[in-house]
Amino acid sequence: MRTTFSADRAAKATTDVLAVLVPVGRLSGALADLDAADAFGGALAGAARDDGFEGRIGTSFAVPGLGHVPAKRVVLVGVGSGSESDLRAGCGNLGKLVREKGAKTVAVVSPEAAISTDALSLTIEAFAEGNYRFDKYKPAAQRKAATDELCFYGVAENARAVATALALAAGQELARNLVNEPAAEIYPDTLAAVAESLAGGEVSVVASLGFAEIQAKGMGGIVGVGQGSARKPRFVHLRYEPAGGAKAHVALVGKGVTFDSGGLSIKPNDGMLTMRCDMAGAAAVIGTMKAIAATRPNVRVDVIFGAVENMPSSNAYKLGDILKMYSGKRVEIHNTDAEGRLVLADCLHYASELKPDVVVDLATLTGAAVVALGDWYSALYSRENSTAVQLLAAAERSGEGAWRMPLPDLYRDKIKAEWGETKNTGGRAAGSITAALFLSDFVTTPKWVHIDIAGPAFMDSPLLHYVQGGTGTMVRTLSRWIEGLGQ
Ligand code: BES
Ligand code: MN
Ligand code: ZN
């Protein structure tokens, strides 16, 4: 998507859609130019008012240009109070509305000329987010064109805001596409290939291991989960090394289960239906790598994921198996559907060996996180305050939901094993917490944050301006947080 700025009158825009962002109580002011005598002549504000449009968030009012203006359609979009977060929400709605119309070119009239770089970036990010569809498998007649030009009116040109927004949006879009693609397309080898394709410039592939190498390294968690599938696992480590030197070093770890059938503890049909989304953590860290390769923060970033397909077969790992993990710990298998923590455990131990300042992992880890927090909020866990607070703030600013959860040692008994050192399930109660406790035993860096994205990674039905399917959640949050660490 190209983003441009125009100093001309919006009423003269020749775009498919001419959109006006309208704060509550400022309808006439926002429409002054469009309602001038040589355009709608005052009729537009009146028609919107008659229709009950006041500028509230989530509302809009659309009319055809009908020769009053050269644009094909005029859309008034509510931006509520006009605050940064309301502008973002309104622009998300706008992105969605114009995609439904297949509008390729969109002019946007902002209520405020003075808009900060961050706020402008956020509005463009939200527009792109709302404009997204995954329709490549639909017949051409049912596909709607994406917007390829967004032109701001009444806003000063800001190349930095545009560059940031487009980089973050592209990273998020990659993550969404990876999640939405069927597991027949995105499996361990192809997920690894997409990650490797990011190499170049300051990004390099440090490791990309196949099954034999993963076995040789003793990564028993990845081997155990992956051995049941004909699509054998991969382990990938990418590094972004800023040419100008790094002020901080972070490791991002993602759960990359490209399909989670549950294994021998097989899932029922409905629970399995969307389990191609179980690599959303890996997709998020890959998307973040794509974004930062463009924004170039002063931070060394290691991206690590295990890509695995969890399948039942005669080679599959079994209940009662005792896996020897990469860290050397022995884990007793009580349920082959609690596979994510096994894959992550090996990745977290590997990440700890790099001795970064902080490790953050993202995973569609537990149904319990969805039960607790629903589709909007990720469950965020940390024993250490500073990074948790930074990440929650970055999520808030990015318009993504994250909620801090407790990580009490009091519940440790729930994952105590009979024969091994620990077991891979902790019972029904506090299922998201006991999964986090399990992971904590494989991290040796003092600063670590675990984000269970099982809810927001994939929308089962549309929510706000998100369509059904992958959301690319946390790409923008992580990218913003990393940008901050480099400043
Ligand atoms: N991938 C699932 C968790 C999940 C559920 C993600 C719903 C997205 C939406 C995970 O591997 C899983 O199956 N977890 C089990 C753990 C249990 C067996 C201890 C669960 O949550 O039921
Ligand atoms: Mn599972
Ligand atoms: Zn899973």
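Counting only Cα atoms, the range 432-487 measures 39, 35, 12 Å along its principal axes, largest extent leading. Compute the distance from the alpha-carbon center of the range 248-272 to that of the range 420-487, in whole Å. Measuring centre to centre over Cα atoms gives 12 Å. Annotation: peptides 433-440, 154-161, 277-284, 328-335, ranked by per-residue average of other Cβ atoms within 10 Å with the highest first, follow the order 277-284, 433-440, 328-335, 154-161.
Past 31 Å, Cα to Cα, is the threshold; run Lys255/Lys414; Lys290/Lys423; Lys255/Lys416; Lys144/Lys267; Lys290/Lys324; Lys96/Lys255 against it and keep the listed order. Cα-Cα > 31 Å for Lys290/Lys423; Lys144/Lys267; Lys290/Lys324; rest within.
Listed by chain and number, the aspartates and glutamates whose alpha-carbon sits under 20 Å from that of Lys136, ignoring those within fewer than 8 places in the same chain, are Glu100, Asp148, Glu173, Glu181, Glu185, Asp460.
Counted as membrane-span-like here are DSSP H helices of the chain whose alpha-carbon atoms extend 24 Å or more along the helix's own axis and whose Kyte-Doolittle mean is 0.5 or above; these are 159-180.
Rounded to the nearest 500, the helix-only mean residue ellipticity at 222 nm of the chain stands at -10500 deg cm²/dmol, with each DSSP H run of n ≥ 4 adding -39,500 (n - 2.57). With the cut-off at 17 Å, report for the range 1-43 the share of all Cα pairs above it, as a whole percent. Within the range 1-43, distances greater than 17 Å cover 37 percent of Cα pairs.
Look at the alpha carbon pairs under 8 Å that are at least 6 residues apart: their mean separation over the length of the chain gives a relative contact order of 15 percent.
Straight-line reach only, C-alpha to C-alpha below 13 angstrom: list the aspartates and glutamates that Lys232 could link to, leaving out same-chain residues fewer than 8 apart. Result set, ordered by chain and number: Asp189, Glu213, Glu309. Could you compute the FRET efficiency for Ala36 and Ser83, with r as their C-beta to C-beta distance and R0 at 45 Å, rounded to 0.05? Computed FRET efficiency for Ala36 and Ser83: 0.95.
For the range 331-417, the extents of the C-alpha atoms along the principal axes are 41, 34, 24 Å, listed from largest to smallest. Computed over the range 2-156, the Cα gyration tensor eigenvalues convert (square root of 5λ each) into semi-axes of 23, 18, 15 Å, ordered from largest to smallest.
Two numbers describe the Cα atoms of the range 94-225: Rg and Dmax, which are 19.9, 61 Å.
Once every Cα of the chain carries one equal point scatterer and solvent is ignored, give the base-10 log of I(q)/I(0) from the Debye formula at q = 0.08, 0.10 Å⁻¹, two decimals. These q points yield log10 I(q)/I(0) values of -0.50, -0.74. The Cα atoms of the range 389-445 cover 46, 27, 17 Å along the three principal axes, with the biggest extent listed first.
Here the peptides 266-275, 423-432 are ranked by packing, the mean other Cβ count within 10 Å, and the order with the highest first is 423-432, 266-275. For the range 354-379 versus the range 1-78, the inter-centroid distance based on Cα atoms is 41 Å.
FYI, it's all coordinate maths here, none of it is from the lab. Model, not experiment: these values are computed from the prediction. Every residue, glycine among them, receives a Cβ derived from its backbone with ideal geometry; neighbour counts consider all protein chains shown.
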